[in-house]
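Presented below is the structure to which this report refers.
Each reported figure results from applying straightforward, stated rules to the coordinates on display, with no laboratory input. Model, not experiment: these values are computed from the prediction. So basically every Cβ, Gly included, is an ideal-geometry build from the backbone, and we count neighbours across all protein chains shown.
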Amino acid sequence: MTEEILVNHSAHETRVAVVQQGSIQELHIERASTRGLAGNICLGRVSRVLPGMQSAFLDIGLERAAFLHVADVFQSRSGSNSGNPPAPIEKVLFEGQPLLVQVIKDPLGTKGARLSTQISIAGRMLVYLPQDPHIGVSQRIEDEAERQALRARLQKLIPEDEKGGFIIRTSAEDASDEDLAADVAYLRRRWREILDESRRRSAPATLYQELSLAQRVLRDIATDETTSILVDSPDALAELADFAAAYMPTMRERLRPYAGERPIFEMHNIENEIARALSRRVDLKSGGYLIID
């Protein structure tokens, strides 16, 4: 079944609707004011090491210092790959030390962001673990024969000089070798760019920001059945076109500008669909209705 994706973008909010046969199937909303930090990769600087808590605080450029527990320090740094407990944090980190970290939990209330030095970067079908030479498979893929087959296929596609590993996502179940190889190349390129940026910048600095909703349209939402991606903002369209050209060239030809006089969601009756979905009253085909409070 063919589908169309509509992207409604403004300075304050991005909305994405997936439409099949004129009916909305998915709605995604991201507000600029509440966009999270989780997934961001930063070059931080250790500001305090607390042996009693086996933790450290880092300056990553936010108002509050971010928190790093020894359990979230990449294991190879503490020599625990052999099964031994991790080294004490005061043996691993020192005040003033620059450190590459990833935000794993957003700040909440009076608590700062939580960090990890175990970096992971999500692609369309794979998650890249640049520090960990391990190939894993999503637990949602339960058939053992299929798990082994996917692992073997991916192993053949990984360049010989690769020192990291990958986790195979459920979206890779029906992927071709070409699709998997493209995702490997995309993720490796992203990581090289992050490393290059880390060498140019000084701490604290954000080196990589998790993709915006508009960019995730290309990475996560669009499928082979997607015939077009209509975007009502020239800025968002340019951002998507640049992203597609650099990382997902097969998606670029599906991008289309929307220049209608009426708002894109109104033109495609999406606003009415949203209002109906959020209404207290749900009309039934039998003629009755439900009231949901």
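Quick notes
- Computed label-point distance, nm, for sites R48 and A71 using a 7 Å Cα→Cβ extension: 2.1 nm
- Where only alpha carbons of the stretch 41-118 are counted, the Rg and the Dmax (Å): 11.9, 38
- Proximal aspartates and glutamates relative to K163, as straight alpha-carbon distance under 19 Å, when same-chain residues fewer than 8 apart are discounted: D132, D183, E193, D196
- Screening the chain for DSSP H helices whose Cα atoms reach 18 Å or more along their own axis and whose mean Kyte hydropathy is at least 1.6 gives nothing.
- Taking a point 7 Å from the Cα of S228 along the Cα-to-Cβ direction, the residues of the stretch 3-23 with backbone N closer than 16 Å to it are 3-8, 17-23.
- Nearest-0.05 FRET efficiency for Q209 and A259, computed from C-beta distance (R0 30 Å): 0.55
- Added length on full extension, which subtracts the Cα-Cα distance from 0.36 nm per residue, E271 to E160: 34.9 nm
- Rounded to 0.05, the FRET efficiency of the A246 and R64 pair, given R0 = 41 Å and the Cβ-Cβ distance, is 0.75.
- Within the same chain, lysines fewer than 8 places from K91 are excluded, and of the rest, none has a Cα less than 24 Å from its Cα.
- Here, the chain is characterised by an Rg to Rh ratio of 1.02, where Rg is the alpha-carbon radius of gyration and Rh the Kirkwood radius.
- Zero-based 5 Å bins, Cα pair distances in the stretch 207-293, whole percents: 3, 12, 17, 17, 14, 11, 10, 9, 5, 2, 0, 0
- Annotation: extensible slack from D143 through L284 equals 46.8 nm (criterion: 0.36 nm per residue apart, minus Cα-Cα distance).
- Packing-based order for 51-60, 255-264, using average beta carbon neighbours within 10 Å, highest first: 51-60, 255-264
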